[in-house]
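One structure is given here, and the rest of the page talks about it.
The values are calculated or read from the model by the stated rules, or taken from the named source; none is laboratory data. Worth saying up front: this structure is predicted, and the values here are computed from it rather than measured. Neighbour counts are summed over all protein chains in view; Cβ atoms, including those assigned to glycine, are modelled from backbone coordinates with ideal geometry. These accessible areas exclude ligands, DNA and RNA; they are computed on the full protein's heavy atoms, side chains included. Shrake-Rupley method; radii C 1.70, N 1.55, O 1.52, S 1.80 Å.
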Amino acid sequence: MAAIAAAVAAATSAFTSFHLTRAATHTRRHIRTFITSSLSSSSTKFNITFAPPKTKPEPAIPIINPNSDSDSDSVPNLDAELGDQLYIPWIVRDEKGNLTLQSTPPARLLHEMANASTSKKKKKGKEVASKAATVVPTPEPKHSKAARRFYNENFRDPPQRLSKVLAAAGVASRRSSEELIFQGRVTVNGSVCKTPQTKVDPARDVIYVNGNRLPKKLPTKVYLALNKPKGYICSSGEKETKSVMSLFDDFIKSWDKRHPGQPKPRLFTVGRLDVATTGLIIVTNDGEFTHQISHPSSNLSKEYIATIDGEVHKRHLIAISEGTVIDGVHCTPDNVELLPGQPDLSRPRLRIVVHEGRNHEVRELVKNAGLQLRALKRIRIGGFRLPADLALGKHVELNQANLKALGWKS
């Protein structure tokens with residue numbers, strides 16, 4: 001009896017602490033516990049017995065009724081169903097106030113755990129959504145000093161004169177930009193600059209013109225060939241109503257769609273054609289390109305077609321080929337040729353090629369020969385010829401082959 005009382009006391013203390021232990025021996029012992037309790041006004045009693053395991057496991061674990069006084073109730077095979085898992089009993093008080101023993105947590109606890117996990121997931125989802133909404137841009141990768149030095153020496157544009165930078169940014173022409181600088185309306189890094197030759201870098205220096213910040217990025221270089229109609233002048237002044245620049249309004253309006261994030265270019269012509277002359281003229285925003293192409297040292301030949309009123313004789317061709325004096329300089333054409341007549345053209349036409357490109361040079365040559373000029377059209381500059389299918393007032397963008405034909409060495 002003393003041994004039984006000791007065993008009951010040991011089992012009771014182990015159950016109240018909610019721990020079941022297994023012996024760490026090679027021979028595994030299968031323990032089946034059957035606990036009964038009877039509640040009375042005085043105390044609660046537990047009866048524990050041990051039995052060998054059964055071969056067929058029960059599909060479910062029944063709830064043990066503590067009010068049952070029978071010691072012969074069948075107990076399910078916990079080892080077969082739980083395996084090596086630790087069995088933790090749950091003591092739950094039912095609606096009548098009686099204590100019951102079950103192997104699963106109570107339904108109320110499971111419901112609270114489910115609600116708690118669901119609300120936590122929703123909160124986490126909101127946090128992820130808020131983080132995704134406020135995405136912080138990743139900083140630019142840092143390079144070594146040697147890599148930055150190599151980039152600056154080989155790829156970075158060198159500093160340029162302030163007046164040239166203003167003209168390239170589309171503020172005004174080169175001469176007008178110099179006037180703005182002399183008037184003290186341009187600041188560089190917070191200081192007023194009155195020297196057009198000051199070297200600046202738009203990517204590093206902070207430049208303001210009339211209180212407006214100059215963009216760090218200069219606009220992309222643009223090269224266009226225009227078939228100039230009659231009655232338009234080659235001037236970019238705002239007061240001029242019929243300027244060739246007005247023919248590029250649609251091109252400027254669609255600039256943001258084709259080049260987002262870049263400032264609009266300020267276009268100007270390479271050289272000039274008088275108001276009555278039609279044909280090929282180059283339009284760009286590259287000042288260096290303009291200077292190289294229009295400079296007399298380029299020796300670019302220019303071909304014109306002159307339509308004459310009246311008959312043309314051999315003496316007229318000789319007079320034109322001998323040249324004339326313009327602004328104190330004797331100018332002679334490279335070639336003069338009478339084109340063969342065509343059925344749809346009643347007036348004779350001359351092909352005149354010059355390379356100096358002085359003001360009204362072709363008109364003065366024809367006038368000096370005693371001929372009356374009806375119309376004048378330029379069809380070629382250097383190796384680039386005006387496309388035959390390009391209508392009056394229309395333009396086409398030049399590619400690298402066209403620029404090379406014009407003698408441009410980028």
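Tallying residues that are in contact (Cβ under 8 Å) with a residue 12 or more places away in the chain, assigned to a loop (DSSP other than H, G, I, E, B), farther than 21 Å from Ser243 by Cα and not aliphatic (A, V, I, L, M) within segment 359-398 yields 4.
In this structure, Lys120 does not satisfy being modelled with pLDDT of 75 or more and either touching a strand residue (DSSP E or B) at 6+ places or on another chain (Cβ under 7 Å) or of a type in the set (Lys, Arg) (or both). Would you point out which residue out of Glu356, Glu337 is part of a loop (DSSP other than H, G, I, E, B) and of a type in the set (D, E, K, R)? Answer to the check: Glu356. A search for C-beta distances below 8 Å between a residue of segment 267-280 that is surrounded by 15 or more Cβ atoms within 10 Å (Cβ to Cβ) and any residue that is modelled with pLDDT of 90 or more and part of a loop (DSSP other than H, G, I, E, B), counting only pairs 6+ apart in sequence or on different chains, returns Leu267/Val222; Thr277/Lys230; Thr278/Pro229; Thr278/Lys230; Thr278/Leu392; Gly279/Leu273; Gly279/Leu386; Leu280/Leu386. Looking only at segment 352-377, residues that are farther than 15 Å from Glu322 by Cα, at pLDDT 90 or above and surrounded by fewer than 20 Cβ atoms within 10 Å (Cβ to Cβ) come to 5 in all. Suppose we keep only residues that are charged (D, E, K, R), at pLDDT 85 or above and open to solvent by 40 Å² or more (accessible area, probe 1.4 Å) within segment 219-241. Which one would you say is farthest from Arg174 (Cα to Cα)? Among those residues, the one meeting the criterion is Lys230. A search for C-beta distances below 9 Å between a residue of segment 199-214 that is of a type in the set (S, T, N, Q) and any residue that is modelled with pLDDT under 90, counting only pairs 6+ apart in sequence or on different chains, returns Asn210/Val171; Asn212/Val171.
Of everything in segment 296-326 that is of a type in the set (Gly, Ala, Ser), in a loop (DSSP other than H, G, I, E, B) and more than 11 Å from Leu365 (Cβ to Cβ), the residue that is most open to solvent (accessible area, probe 1.4 Å) is Gly310.
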